[in-house]
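Structure first, commentary second.
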Amino acid sequence: MRHLREALAGFRRTPLLSTLSISAISLSLVIMGLFGLSAHNIGSAISDIERRVEVVGYLLEDMKPDQVQIAQQELEAFPEIEEVLYVSKKEALANAQRDLPEFSEIYEELRVNPLPASLHLRLKPGFRTPESVQITAEHLRGYEFIEEVRFGEGWVEQLFTIRRIAGGVSAILGGAFAVVAILLIFTSVEIAILARSEEIEIMQIIGAKDRYVQFPFVIEGFIKGLMGGLIALGLTRLTYGSFRYQFAEFDNLLWLPNNWVVGGVLTACAIGMISAVVSVHRELGRAYAT
Amino acid sequence: MIQFYNVSKIHPRTGSAVAEISFHLRKGEFTFLTGHSGAGKSTILKLIHFQTRPTKGELQVLRYHSSRTKRRQIPNLRRRVGFVFQDFKLLAGLTAAENVAFALKVTGVSRRETDRKVEQLLNQVSLSEKAKSLSSELSAGEKQRVVIARALATNPLLLLADEPMGNLDAEASEEIFQLFWRLHLEGMAVVMATHNTELVRRTPGVRVLELKNGQLISDSAVETEPLPSVSEGSSLESPPISPPQKPILSASNKNPVPEVSTDVPHESAPSQRENT
């Protein structure tokens, strides 16, 4: 309780520095938040496309239904396969009429359904790579009742390349933003502590124990991180809301996942505390020079 | 109370600050550390206060040994050894009373006890009427009184003073010195660094350690007692002090308060302050 009182007293003693410190933390976290928002939405869009990656095997006319059922069960047992969907000839025709309405009249005039039945294999997340798609296609080709296998080879490879580039750019930019945010938080906490270095020196000369000096600053660092994190969260949410309100095309923009939000604020608190520990430790060390 | 055994302090960048210093100060003794700027006076005070450790040799302050005292024990030592600076080191935004209370709060004294003790300490330094004045509103002499009150807050056995009159005019210097002297007469050991030779000359019966270029060139006690020597198979647990002698100056000493001559040249300005 004493440490908390002292920490709050620290805000009263240096109001301007504390405000600047919290503002700097907020600003750096808003940048992180907006970057996270962009990365999350781009990642989500790519995942949406990836979810459509499927390997389709067209069946021969004379295959037996029980053969398909057995094949379905076997294929579902493979680790990379999420789901095996059987589309009968009739369903294929209905789908074609729905998806290609411009040819609906032609389909109606047909006496025989020319469309083959098919097996649609969806892959699990993490297996939507060109290699896994190839392997799945090979599994499918192994069945004698499969006439042809299609999976859009070039398209899958392009998608995978886009995913890799997006991941790399996110990691580099995210890492850079994170480093800048950490440095900014550290510097602002350090400056606030430096401004009170004389107070620390006096405390030590009087005979204060290290933890007596350190704890209030650590709590202060935590509070700064928390306040900075919450202000940044509010500002990011405001920006997100304004975007959705101003631009109709951003209407389905996703908000950050809860674990990112909680993780971000807690990380800010942790960085605030660690910065305080490091800075105060350095100040304390000056009075024990060897 | 304080024992130095061949203590040397060498700064990695600036070189030797003090070399092969040995002396022994007793309980209640008033000691002047004299010498020019850079002679090593401040280094000796920092060594006594464990703000720095010897590069060579060994020193003991109260029951704390330089080679064995852990960092976490140092605050306990510092509560028994008050420190008075030339440049005060008061917290500008606090009043005189709050500056004194700060020391009590830091050392875990209750709020009620703090109020009582602050009043008593400010009385002791004759500054009760300025209790509510901000430290920035006080004169240099008054500031130094607050610093002394703060140093006394933890009931120290020893007061270290680094050029305490260095920033004061002659009148304030005299008042502050008389305050130190009074504390000494009440039983407090005082080690005061000064290069005011006139003050030292006019103060009878005190211990004077004179330093030059980091070396102890004279010790007023040497004429009457031998300095302890480590080379004679002694250990710090049983310092080789023999035979027991009458203290040079003790609490029972009835010496009158010596006056600080007004024609004494002023001690160094802050810019001239030694950095040793």
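The values are calculated or read from the model by the stated rules, or taken from the named source; none is laboratory data. Since we're looking at a predicted model, the values are computed, not measured. Glycine gets a Cβ as well: all are built from the backbone with ideal geometry, and neighbour counts include every protein chain shown. These area figures cover heavy atoms from the full protein model, side chains too; ligands, DNA and RNA do not enter into them. Shrake-Rupley method; radii C 1.70, N 1.55, O 1.52, S 1.80 Å.
Search region A:247-282 for residues being in a helix (DSSP H, G or I) and modelled with pLDDT under 85, and hand back the single one that is most open to solvent (accessible area, probe 1.4 Å).
Taking the candidates together, the pick is A:GLU249.
Does at least one position in region B:62-74 carry a residue that is surrounded by fewer than 24 Cβ atoms within 10 Å (Cβ to Cβ), in contact (Cβ under 8 Å) with a residue 40 or more places away in the chain and out of contact with any Gly (no Cβ under 9 Å at 6 or more places or on another chain)?
Checking region B:62-74: at least one residue is surrounded by fewer than 24 Cβ atoms within 10 Å (Cβ to Cβ), in contact (Cβ under 8 Å) with a residue 40 or more places away in the chain and out of contact with any Gly (no Cβ under 9 Å at 6 or more places or on another chain).
Answer yes or no: is there a residue in region B:148-161 that is more than 18 Å from the chain's Cα centre (by Cα), at pLDDT 90 or above and more than 20 Å from B:LYS89 (Cβ to Cβ).
No, because not a single residue in region B:148-161 is more than 18 Å from the chain's Cα centre (by Cα), at pLDDT 90 or above and more than 20 Å from B:LYS89 (Cβ to Cβ).
Between A:GLU153, A:GLU147, A:GLU105, A:GLU157, which is over 18 Å from A:GLY57 (Cα atoms), in contact with a Pro (Cβ under 8 Å, 6 or more places away or on another chain) and of a type in the set (D, E, K, R)?
A:GLU157
Each row is one residue, and each column tells you yes or no for (1) surrounded by fewer than 18 Cβ atoms within 10 Å (Cβ to Cβ); (2) assigned by TED's automatic domain parsing to the domain that holds A:GLU76; (3) of a type outside the set (Gly, Ala, Ser).
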residue	(1), (2), (3)
A:GLU131	yes, yes, yes
A:GLY142	yes, yes, no
A:PHE145	yes, yes, yes
A:GLU157	yes, no, yes
A:VAL169	yes, no, yes
A:LEU184	no, no, yes
A:ALA192	no, no, no
A:ALA195	yes, no, no
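Any idea which of (1) touching a Lys or Arg at 6+ places or on another chain (Cβ under 8 Å); (2) surrounded by fewer than 11 Cβ atoms within 10 Å (Cβ to Cβ) is the one A:ILE81 doesn't satisfy?
Condition not satisfied by A:ILE81: (2).
Being within 14 Å of another protein chain (Cβ to nearest Cβ) and either open to solvent by 30 Å² or more (accessible area, probe 1.4 Å) or closer than 27 Å to B:ALA149 by Cα (or both): is that true of A:GLY207 here?
Taking the combined requirement at face value, the residue satisfies it.
Being more than 18 Å from the chain's Cα centre (by Cα) and within 14 Å of another protein chain (Cβ to nearest Cβ) narrows it down to one of A:GLU198, A:GLU190, A:GLU157, so name that one.
After applying the criteria, what remains is A:GLU198.
Taking region B:146-173, which residues are surrounded by fewer than 24 Cβ atoms within 10 Å (Cβ to Cβ), away from every other protein chain (no Cβ under 14 Å) and under 27 Å from B:ILE2 (Cβ atoms)?
Across region B:146-173, the qualifying residues are B:ASN167, B:LEU168.
Do any strands (runs of 3 or more DSSP E) lying entirely in region B:16-131 carry at least 2 residues that are under 25 Å from A:ALA208 (Cα atoms), in contact with a helix residue (DSSP H, G or I) (Cβ under 7 Å, 6 or more places away or on another chain) and more than 9 Å from chain A (Cβ to nearest Cβ), and which ones are they?
Where strands (runs of 3 or more DSSP E) fall fully within region B:16-131 and carry at least 2 residues being under 25 Å from A:ALA208 (Cα atoms), in contact with a helix residue (DSSP H, G or I) (Cβ under 7 Å, 6 or more places away or on another chain) and more than 9 Å from chain A (Cβ to nearest Cβ), they are B:56-61.
What is the one condition in (1) farther than 17 Å from A:ILE205 by Cα; (2) modelled with pLDDT of 90 or more that B:HIS49 does not satisfy?
Of everything listed in (1) farther than 17 Å from A:ILE205 by Cα; (2) modelled with pLDDT of 90 or more, B:HIS49 misses just condition (1).
Go through region B:174-190 and give me each residue that's farther than 14 Å from B:GLN124 by Cα and among the charged types (D, E, K, R).
Correct list: B:GLU174 only.
Looking only at region A:19-57, filter to residues that are free of Cβ contacts under 8 Å to residues at least 12 places away in the same chain and closer than 30 Å to A:LEU85 by Cβ; which one of those is most open to solvent (accessible area, probe 1.4 Å)?
Out of the qualifying residues, it is A:ARG52.
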